[in-house]
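Just so it is clear, none of the values below were taken in a lab; they were calculated from the coordinates. If you're wondering where the values come from, they're calculated on a predicted model, not measured in any experiment. Ideal geometry is used to build each Cβ from the backbone, glycine not excepted, and the neighbour counts take in all protein chains shown.
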Amino acid sequence: MKKGILFAFLLMTTLLAGTACAQMNYDLTNPYLTYAPLDEDEAMPVLVDVLDQATDPDDASITIIGGADGPTAIFLAEEPADAQPIEEEDAWPRTFTITMAGDTTLGSTDDLRKRDDCFEAVAQEKGYGWFFSGLSDLFATDDLTLINFEGTLTEETEKKEKKFNFKGPEEYTDILTLGSVEAVTVANNHTLDYGAQGREDTIANLEGAGIVVSGNGKLGVFEKNGVKVGMTGYCFPYTDGKKDITKDVKALREMGCQIVIASFHWGSEYREDFTGEQRSIGRAAIKAGADIVVGHHPHIVQGIESYEDSYILYSVGNLVFGGNVDPDDRDAYAARVTFTVYEDHADAPELTIVPLRLTALTKGTDYRPVLAEGEEADRIVSRILKRSSKMEGFENGEW
């Protein structure tokens, strides 16, 4: 264990010195997991405390997550001595959990960047680990987190003539990796804010950070523990209110994907009821073979439809959204879906609604979504279900 402690100490020293973010051995699926938040002034004592929890330190695996402003957390995963490896012939079926959440804009407009409360100012003050830190218990404990990345990561200066053009630097990909976001869809109306070059830069920067990208004809595949998840997605306008993703689903199945997620940017901004176009496209996607459908763009929560043993999530709302310094509507949710997966398919998903607030603040925003609790959580779930279809028996966020 001395070698492991030395490695952890060196990494800790590097993080405290304020270098680029680090994420090592980040596997939070281990059931024998201990989490310890780090106080920068007491980093080493916390590390020692975590190590002391190991009954057999030689078998302990240390994970340290940190950013430019210092470490944010330590994880200790320890496998007990009597744990037996799963034999290959007994490995199926497997349980696979996916979290899907909403519109994420890392950066702001040229005008907003002049303000003291803009996204960039908070990033500089709080560090890149700040933005998803309120959801670490959610995103870090699934197998895959998928969000809608609505904006660009580019140095391109020539922008399209429109009301809002969102942009951030390449290093903002660290916000996603520190937040345990493994995949994004870029099928939205802000991907081309800085033209084709901005879009190409954004995709290259995301993929360079190890994030799976899908959308607008680009198929994404995420693989873990023998499970392949395929992703496709599209943005309005839709021809005659229709979109056929049959070819995408077929291609993803041929790649060996047991699960296929379809993402759509659709509907009307700030409209609580989903439209007929959303319903027809969502249902067609399920009929085409998608295992679940998730929607974005309205910037507020909309209802859910239970359809053919699956779900159409019409709008999950915003998430980390740098494009608004004082959102009027602060409700959102994450959809937690669990699949029982076999070698060549998956059973129908089990759905849990996880109500969120875009910020813990009541005025302004710190761009840090948090889990809603108590009456707030009940109110958000009730709001979603009020606009939902065929969701009878769905109470307290789950069946």
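Cut-off 12 Å, label point 7 angstrom out along Cα-to-Cβ of Glu158: give me the residues of segment 195-217 whose amide nitrogen falls inside. Output list for this probe position: 195-198. Among the listed pairs Lys228/Lys386; Lys247/Lys386; Lys224/Lys250, those whose Cα-Cα separation exceeds 27 Å are Lys228/Lys386; Lys247/Lys386.
Relative to the globular-protein estimate of 2.2 N^0.38 Å, the Cα radius of gyration of segment 244-399 stands at 1.07. Between Asp273 and Lys126, the contour length at 0.36 nm per residue exceeds the Cα-Cα span by 49.3 nm. Taken one residue at a time, the phi angles of segment 181-197 give Karplus couplings (6.51, -1.76, 1.60, θ = phi - 60°) of 9, 9, 8, 9, 9, 10, 7, 7, 8, 10, 4, 9, 4, 10, x, 4, 5 Hz. Gly and Pro are set to x.
With R₀ set to 41 Å, the beta-carbon distance separating Asp344 from Gln197 gives a calculated FRET efficiency near 0.50. Between Asn225 and Ala360, the FRET efficiency from the beta-carbon distance, with R0 = 22 Å, is close to 0.05. Going from the residue with the fewest nearby Cβ atoms within 10 Å to the one with the most, Lys218, Lys162 rank Lys162, Lys218.
When each of the peptides 93-99, 147-153 is scored by the mean number of other C-beta atoms lying within 10 Å of its residues, the order from highest to lowest reads 147-153, 93-99. The distance between label points at Asp240 and Glu254 comes to 2.5 nm (points 7 Å beyond Cα on the Cα→Cβ vector). Residue ranges 346-358, 226-238 sort as 226-238, 346-358 when ordered by packing (mean number of other C-beta atoms within 10 Å per residue, highest first).
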